[in-house]
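The values are calculated or read from the model by the stated rules, or taken from the named source; none is laboratory data. Computed from a predicted model, the values in this text were never measured in an experiment. So basically every Cβ, Gly included, is an ideal-geometry build from the backbone, and we count neighbours across all protein chains shown. Note: areas computed on protein heavy atoms with side chains; ligands, DNA, RNA excluded. Shrake-Rupley method; radii C 1.70, N 1.55, O 1.52, S 1.80 Å.
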Amino acid sequence: MSLQTREEHACFGGRMGYYSHASAQTGTRMNFAVFQPPQAQARRVPALYYLAGLTCNEETFMIKAGAQRRAAELGLILVACDTSPRGLDLPGDSAAWDFGVGAGFYLDAAQEPWSRHYRMGSYVNSELPELIEAGFPALPGRRGIFGHSMGGHGALVTALRNPARWQSVSAFAPICNPAVVPWGEKAFGNYLGADRALWEAWDASCLMRRAAFPGEILIDQGEADAFLHGQLKPEALETAAAASGQRLRLRRHAAYDHSYWFIQTLIAEHLEHHARALLRPLPLRSGA
């Protein structure tokens, strides 16, 4: 895999870097970011993958979430990828902010022209971890995944579809039932086609209803989120968890919205949620 280093910076005793590579799944050059904690200088450590939301890219989380300090304390590699292929100029791929460029929805498209390049599901589940474990000091087979909004949908779906590959999962304000909300209907209808039965394979609530993820799933949702009722529908996950016996910790927070201020507030707790599954023992917070 042709890995290109775009830039690197010292950060909390570790290394914050931005990279790109030629992707076999998308047929494009894909950008991603990696934070390596100081512990990675001496040994391989687990990697935690973050999936960003609509209109975002590989830089958004690393710049806005404030995750590196606690990741450095815990000894977790952080990985963030772009949200779609770019530079293809497919018909209509840049006509709207919620479909196409910046809105890959972390699935494998089944309809032309999207199916040749919009394979973010396989990219996140297989190609990116293989690249990270070959090119960085990431411990093979010790992976967590989380995300925000569209990325929260992607994290849940990736873990529920591939529970043997992922040891932990969480999400901030995820699109919980995309098959029945406008964002999902637009994306699924174009990427997957008109047969709604096929959409269920990429819908976290449908997947969870059928089978539980082995570990506890953590979800945080702000009650002042403008997208809560029309697009996110966390109650669908609660219903699905009750049906399958899924261990689900879904926390609602008064006054918090859909922004990265919400993510910053709770990021340390999400990193610790993943660390409990990926690390033993769990290091204390600085100053604790």
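Residue 43 to residue 243: extension gain in nm, 0.36 nm per residue of separation minus the Cα-Cα distance? Please list the in-between numbers first.
Details: separation 200, 0.36 × 200 = 72.00 nm, distance 4.14 nm.
Extra length available between residue 43 and residue 243 comes to 67.9 nm.
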Check your understanding: Which of the chymotrypsin sites (Phe, Trp or Tyr not before Pro) found in the stretch 163-217 are loop residues per DSSP with 14 or fewer other Cβ atoms within 10 Å of their Cβ?
Key -> none
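Please state the charge dipole magnitude for the chain, taken about the Cα centre, from unit charges on C-beta atoms (+1 on K and R, -1 on D and E), reported in debye and rounded to the nearest 20.
Magnitude of the dipole: close to 920 debye.
Calculated from DSSP H runs of 4 or more alone, at -39500 (n - 2.57) each and per residue, what is the 222 nm mean residue ellipticity of the chain, nearest 500? Intermediate results must be reported in sequence, preceding the final value.
Numbers: 9 runs with 83 residues, N = 288.
When only DSSP H runs of four or more count, the value is -8000 deg cm²/dmol.
Taking the Cα centre as origin and putting +1 on Lys and Arg beta-carbons and -1 on Asp and Glu beta-carbons, what dipole magnitude results for the stretch 117-262, to the nearest 20 debye? Working shown, then result.
Details: 14 positive and 14 negative charges, 65 e Å.
Rounded to the nearest 20 debye, it is 320 debye.
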Practice item. In a Gaussian network model over the chain where Cα atoms closer than 10 Å are linked, find which of 268, 243, 155 has the largest mean-square fluctuation. Key: 243
Practice item. Return the FRET efficiency for the residue pair residue 110, residue 28: r is the Cβ-Cβ distance, R0 is 22 Å, and the value is rounded to the nearest 0.05. Key: 0.75
Review point. For the stretch 3-84, what is the charge dipole size about the Cα centre, in debye to the nearest 20, if Lys and Arg each add +1 at the Cβ and Asp and Glu each add -1 at the Cβ?
Key: 220
Exercise for review: Please build a GNM for the chain, connecting alpha carbons under 10 Å apart, and tell me which residue among 87, 154, 75 fluctuates the most.
Suggested key: 87
Review point. If you build a Gaussian network model of the chain, linking Cα atoms that sit under 10 Å apart, which residue out of 168, 126, 149 swings the most?
Key: 126
Revision key, fill the gap. Subtracting the Cα-Cα distance of residue 4 and residue 134 from 0.36 nm times their residue separation yields 45.4 nm
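With all protein chains present, how much of the accessible area of the stretch 176-288 (probe radius 1.4 Å) comes from carbon and sulfur, to the nearest whole percent? If you can, show how the numbers build up before the last one.
Details: 2880 of 5270 Å².
After summing per-atom areas, the C and S share lands at 55 percent.
Whats the longest run of the chain with zero trypsin sites (Lys or Arg not before Pro) that are DSSP loop and have at most 13 other Cβ atoms within 10 Å? Don't jump to the answer; show the numbers that get you there.
Numbers: sites that count: 43, 247, 285.
Between the exposed loop sites, the longest stretch runs 44-246.
Of all DSSP beta bridges in the chain, what percent run antiparallel (nearest 5)? Each step should come with its number before you reach the end.
Values: 23 of 48 bridges.
For the chain, the DSSP antiparallel bridge percentage is about 50.
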Review point. Taking the Cα centre of each part, how many Å lie between the stretch 149-164 and the stretch 32-101?
Key: 15
